[in-house]
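For reference, the structure discussed in these notes is given below.
Derivation of every value follows stated rules applied to the coordinates shown; laboratory data play no part. For clarity, every value in this text was computed on a predicted model and none was experimentally measured. A quick note on method: Cβ atoms are made from the backbone with ideal geometry, for glycine too, and the neighbour counts reach across all protein chains shown.
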Amino acid sequence: MRVTVLGCSGGWPAAGRPCSGYLLEAGGRQVWLDAGTGTMPELLRHTTLADLDAVWISHLHPDHCSDLFGAFQALKYGNARDDRLPVYGPPRWASAFEAFAGPATGVFEVHELVDGGRVDLGPLQLEAVFVPHVLPTFGVRASADGKVFGYTADYEPGADLSRFADVDLLLAEAWRSADAVAALGVRAVITHVHPDLDPLEVAGDMEAAAPGMVISM
């Protein structure tokens with residue numbers, strides 16, 4: 001299992017640092033995990049929209065979903081893919097999207113996430129983990145080849161992250177502090193740091209995500 005960091009800036013993009021977006025790969029399957037601002041061009045350095053098996057949108061803040069609009073345009077008006085692209089997102093995500101872009105179902109295969117819901121991609125299994133945040137938010141536990149990868153997505157201070165305590169690698173939001181992640185005692189890569197802060201300082205003894213970084217398990 002491998003994760004490529006497409007972007008890792010929290011809230012808004014910084015120079016050379018797009019917002020949250022990651023390419024998760026295992027067993028020949030590919031998932032675009034969050035489509036934050038500026039991540040689609042980075043995604044296309046590594047794969048194509050035609051080769052994606054799914055898109056996972058953790059929640060509807062723009063720094064996690066805005067490049068889904070670029071994918072929509074490429075799929076609707078270009079020749080990026082012959083079939084619909086499966087997109088998994090929070091409840092009613094498609095309705096919110098359509099308020100800006102028009103009908104999505106002709107381009108996307110619409111799926112809504114629920115806590116504990118599973119997505120079967122053959123050798124890659126995904127499980128939705130509800131995480132307390134301002135908007136309905138779903139992190140993910142991904143399993144393949146006997147390894148488990150976790151992605152917290154955004155969470156509120158004091159949120160219970162115990163469902164990620166047994167993962168082999170955790171990609172964890174930090175914003176201004178990584179203390180809650182450090183308390184889990186797992187191998188973690190810190191992401192979604194406030195653009196005005198130094199990710200290395202926020203991460204402390206843990207790793208800090210950077211665009212282009214490849215993490216293998």
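Can you give the charge dipole size of the chain about its Cα centre, rounded to the nearest 20 debye, using +1 on the beta carbon of Lys and Arg and -1 on the beta carbon of Asp and Glu?
So the magnitude is around 380 debye.
Regarding the range 85-179, what whole-number volume in Å³ per residue does the convex hull of its Cα atoms give? Kindly include the intermediate steps, with their values, before the conclusion.
Details: hull volume 10.4 nm³, N = 95.
Measuring per residue, one finds 110 Å³ for the Cα hull of the range 85-179.
Using just the alpha carbons, could you tell me how many Å³ per residue the convex hull of the range 29-104 encloses?
Values: hull volume 6.4 nm³, N = 76.
Taking only Cα atoms, the range 29-104 has a hull volume of 85 Å³ per residue.
With a ≥ b ≥ c taken as the square roots of the eigenvalues of the C-alpha gyration tensor of the range 104-144, please select rounded if a/c is under 1.5 and otherwise prolate if a/b is larger than b/c or oblate if it is not?
On the way: a/c = 2.73, a/b = 1.03, b/c = 2.66.
Oblate is the answer for the range 104-144, as a/c is 1.5 or above yet b/c matches or exceeds a/b.
Among bridges DSSP assigns within the range 2-216, what percent are antiparallel (round to 5)? Mind showing how you got there, number by number?
Details: 31 of 53 bridges.
The antiparallel fraction comes to roughly 60 percent.
Considering only C-alpha atoms, what is the centroid distance from the range 30-74 to the range 118-155, in Å?
Taking the Cα centre of the range 118-155 as reference, the centre of the range 30-74 is 16 Å away.
Rounded to the nearest 0.05, what FRET efficiency do Ser95 and Leu200 give with R0 = 30 Å and r taken as the Cβ-Cβ distance? Could you check? Can you show the working numbers first?
On the way: r = 40 Å, r/R0 = 1.33.
Calculated transfer efficiency: 0.15.
Based on the Kirkwood radius over alpha-carbon pairs, what value in µm²/s does the Stokes-Einstein equation return for the translational diffusion coefficient of the range 2-216 at 20 °C and 1.002 mPa s? Kindly include the intermediate steps, with their values, before the conclusion.
Working: Rh = 17.0 Å.
Reported coefficient: 126 µm²/s.
Given the DSSP H assignment, sum -39500 (n - 2.57) over each helix run of at least 4 residues in the chain and divide by its residue total; what's the result at 222 nm in deg cm²/dmol, nearest 500?
Working: 6 runs with 37 residues, N = 217.
Per the formula, -4000 deg cm²/dmol.
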